[in-house]
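Heads up, the thing below is written out as structure tokens.
The values are calculated or read from the model by the stated rules, or taken from the named source; none is laboratory data. Owing to the predicted nature of the structure, the values given are computational and were not obtained by experimental measurement. Note that each Cβ is placed from the backbone with ideal geometry, even for glycine, and that neighbours are counted across all protein chains shown. Just so you know, the surface numbers come from the protein's heavy atoms only, side chains and all, with ligands and any DNA or RNA stripped out. Shrake-Rupley method; radii C 1.70, N 1.55, O 1.52, S 1.80 Å.
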Amino acid sequence: MTPSAMTGPAVTERFAADGARRGGSIVLVLAVAGVVVAAAVALMTLGRSHAQPYILGLLAVLATVGLFMLFAVAAGILRFADRKADDPVLRPLADHAADALAVTDARGHVVYANAAYLALTGATAAADARPVERVFIGNPDVSEAVFRLLKAAREGKRQQEEVRLAGSDGLPARWLRLKVRPLGETGREARSNVWSISDITRDRAQQEDVFQELQHAIEYLDHAPCGFFSADASGALVYVNATLAGWLNHDLAEIGSGGLKLADIVAGDGAALITSVQPAPGEVKTEVVDVDLRMRGGKTMPARLYHKLAFGADGRPGASRTLVISRARDEGADLQRAAEVRFMRFFDHTPMAIATVDRDGRVVRANARFAKLAQSLAPAAANPASILDAVSARDRDTLKGAIASAAEGQGDIAPVEAMLDGAKERWGLFYVTGVGEQGDAEAAIVYLLEITEKRSLENQFAQSQKMQAVGQLAGGIAHDFNNVLSAIMMANDFLLNAHKPTDPSFQDIMQIKQNATRAATLVRQLLAFSRRQTMRPQVLDLGDALSDLTMLLRRLIGEKVKLDVVHSRDLWPVKVDVSQFEQVIVNLAVNARDAMSDGGRLTVKTANVPADEAGRLAHQGLPAADFVRIDVIDTGTGMPPDVVDKIFEPFFSTKEVGKGTGLGLSTVYGIVKQTDGFIYVDSNPGEGTAFHIFLPRHVAPAIPATPEPAPEVSPASAEPSASPARSRDLTGQGTILLVEDEEGLRALNARGLRSRGYNVIEAANGIEALEVLEDQDGAIDLVVSDVVMPEMDGPTMLAAMRKRNPDLRIIFVSGYAEDAFEKSLPDNEQFAFLPKPFTLSQLVEAVKETMGAGQTA
């Protein structure tokens, strides 16, 4: 092959094509080698001196040819043939394929084209074949598709397009499918592309025929004299024929686009009856169901459904095929049909779940209410084959015995109250009666009423009554005990004033004082539980309050327990007593610490709970309102259900004797309830305990009009000498009317006030106090009175005194909370309050402060 033979693109392509077809020949190589050897031998016969020029010339020619071949290969004029191109099977397949095939290089030139492509483009050889974009140039129906194909080819992607070519010269139009893909994945092959063109005119014609037949079938089905619909597993209607849509006055455009569900066209609980078909893997079931269909305007029409449902191998249902027969036509003429419709409506629309069962409890027939109730239970009990599956395991034997008694013909079977099987606690009341026909598959009729709400209300009422009774008892005990403690603490103060620290009995007197202070703390806890303690609520940000408590909580729970405080953002404000709220958190933290003796984690979280979310929570008694939630969660030992039911009762404790009073959680309960909040507990043995507190969101009134609160002196819990305020002068002058029905306490209080320089006039009740006030003719500077007294209580006495002297100052002392009697006073009535028990110094300080405030005013 000479260099001149390889000039010109056509020759080059032909050479490349021929080279691709030829894989080379060993005979040709041997022949060339033989010629060279023969020439060398012949030259050697001429002699060395004569042969040397010829040998040099031959070597020069061979060197020139070799150098030219190297340049030709480097320039791409010559290529080494690929052995894979010699495959005797693949090559004919491509050459004689029915689809037009062409291969283009990186520049878009056609380097290979089979016979079908040459025929399509009118070319005689690959060198004359035009690329696809030039074949369809000027055709507006194809140009956009070709542009997308070229773009995909440049990006090395696969692309497919179907185009329609308009017919010419009386020929029909044709449909072509154009494809492009890279020739290979790497190197030169990745830059080359394979194009294929298929004639799919016949396929499109067949598709059109099938589509037309489908359109005719749909038209026949749409105008059939009966209704038809199809619903998927979720209950969404995917198809409704025109007949059914006309019956229900629905627009067909709404159906199939997510606009309607099965529950929208079936009245009552009928949709549950339709979707309660027992799954049977791999089978097809057909159920006959009588329901009322709901029209667009709200009216109903009776219908019988032939509901066909196919189940997959995994038991999942496919789309239904449901035939609808209207039973509303000629109802008056067909008495039997009218009776069936009336019974169907009675049976399916009753608010009681009804099912007929055999001797083993298997459901033979059930109404819509029963189907809906079964679907709302646990997945294992949904669509129950036996009514016993809908009942918890502990009550199944009782219900089974009632069914057996009914099957034997017994009457007056007692109702069975049983827990329903499900994720949540639900209760049902089962009434069982016999069918009355021996040998029938239906052995008994079971009527079921769900009584979850009724039982919940009964439990709430019983718990509320119990807590209220215990609270009243605790409050009464606390009030009486406060009077006793006040006398003890007052007498103890007199003893302390009369004895020096060096006296032998001084330590005994201090021991009495400390125990009296401890007893006063227990009384305050009782008052907290009975919701009779004095509250000083203020608007509070719980996040700030918990941040302030963090250091104290870490000291309380110790190093073995890790504390996590998680604050929610933008917490709503609440209105609580700060000190009482802190006591709630501290009590819960101490309880959590005691439950984690080996260490653990205590988590305190806060969050806003909107009204809609509160309504969805499973907490009994929690209304749908805005709350701020505080969760106190520990990883301790947990509690069994019988303990959880009693933890808020006073004096109930699971701790060892001497390690708890049993008032910590009852105090928490009382404080939360007095703040109009709610508290719930979740606990299981070995899984820790979580307390959930819901405090109502505070919304500031538009016009705040609250008077300044009266001053209050809280009971002391530490040694009086430790406070600088104790050292100030508490003596004074003036006339004080002391009203107290407890004679011993009244005498001690009068003695203490007289020791500070006051003139004290005593009265045993409100009537005596009014008489004294009238006798003194306005000489009384201050009244110190108990609240609960015989004949006339404190608020009634105050109202009568203020009529005579509107500026009269008064201090109420009581073992009950200030709120307990404040409601019985006129609005904006001014008074001071001192809760019992109190010490002598606290009484004198309150008197001094109240009289000083009056003189300043």
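Of all lysines in the structure, those lying under 26 Å Cα to Cα from LYS179, and not within fewer than 8 positions of it along the same chain, are LYS84, LYS151, LYS157.
Summing +1 for each Lys or Arg and -1 for each Asp or Glu among the other residues whose beta-carbon sits under 11 angstrom from that of ARG396 gives -2. The order of the peptides 180-190, 499-509 by mean Cβ neighbours within 10 Å, most packed first, is 180-190, 499-509.
TRP175 contributes about 60 Å² of solvent-accessible surface, heavy atoms of the protein only, 1.4 Å probe.
Amide H to amide H, with H built 1.01 Å from N, ARG365 comes under 5 Å of THR356, counting only residues 5 or more places away or on other chains.
Among the protein heavy atoms of region 159-264, carbon and sulfur supply 51% of the accessible surface, probe 1.4 Å, non-protein parts ignored.
Amide H contacts of VAL238 (H built 1.01 Å from N, in plane; Pro and chain starts excluded): SER230, ALA231, ASP232 sit under 5 Å, all sequence-distant by 5 or more or on other chains. Comparing Cα centroids, region 730-764 and region 565-633 end up 46 angstrom apart. Can you compute the FRET efficiency between ASN805 and VAL539 using 1/(1 + (r/R0)^6), with r the Cβ-Cβ distance and R0 = 45 Å? Round to the nearest 0.05. Efficiency computed from Cβ-Cβ geometry: 0.80. Reachable lysines from LYS424, Cα under 18 Å, same-chain residues fewer than 8 places away excluded? Result set, ordered by chain and number: LYS372, LYS454. Rounded to the nearest Hz, the phi-derived 3J(HN,Hα) couplings of region 106-120 under the Karplus curve 6.51 cos²θ - 1.76 cosθ + 1.60 (θ = phi - 60°) are 5, 8, x, 7, 6, 9, 7, 8, 7, 5, 5, 5, 4, 5, 5, where x marks glycine and proline. Couplings 3J(HN,Hα) of region 233-244, computed from phi: 5, 7, x, 7, 7, 9, 7, 9, 6, 5, 5, 5 Hz, in residue order, whole Hz [Karplus 6.51 cos²θ - 1.76 cosθ + 1.60, θ = phi - 60°; x for Gly and Pro].
Keeping every protein chain present and rolling a 1.4 Å probe, give me the accessible area per residue for region 387-427 in Å². It would help to have the intermediate numbers written out before the result.
Numbers: 2220 Å² over 41 residues.
Ligands and nucleic acids excluded, the result is 54 Å² per residue.
Figure the gain on full extension for GLU219 and ALA414 (residue separation times 0.36 nm, minus the Cα-Cα span) and round it to one decimal in nm. Walk me through the numbers before you get to the answer.
On the way: separation 195, 0.36 × 195 = 70.20 nm, distance 5.76 nm.
In short, 64.4 nm is gained.
Compared with the alpha-carbon gap, the fully stretched path from ALA779 to VAL284 is longer by 168.1 nm at 0.36 nm per residue. In order along region 175-188, the phi-based Karplus estimate (6.51 cos²θ - 1.76 cosθ + 1.60, θ = phi - 60°) of 3J(HN,Hα) comes to 10, 10, 10, 9, 10, 9, 7, x, 5, x, 9, 9, x, 5 Hz; Gly and Pro are listed as x. Counted by Cβ distance under 14 Å from PRO172, the other residues give a net charge of +1, where Lys and Arg count +1 and Asp and Glu count -1. Amide H contacts of LYS562: GLY600, ARG601, LEU602, each under 5 Å away and 5 or more positions distant or on a separate chain (H built 1.01 Å from N in the peptide plane; Pro and chain starts excluded).
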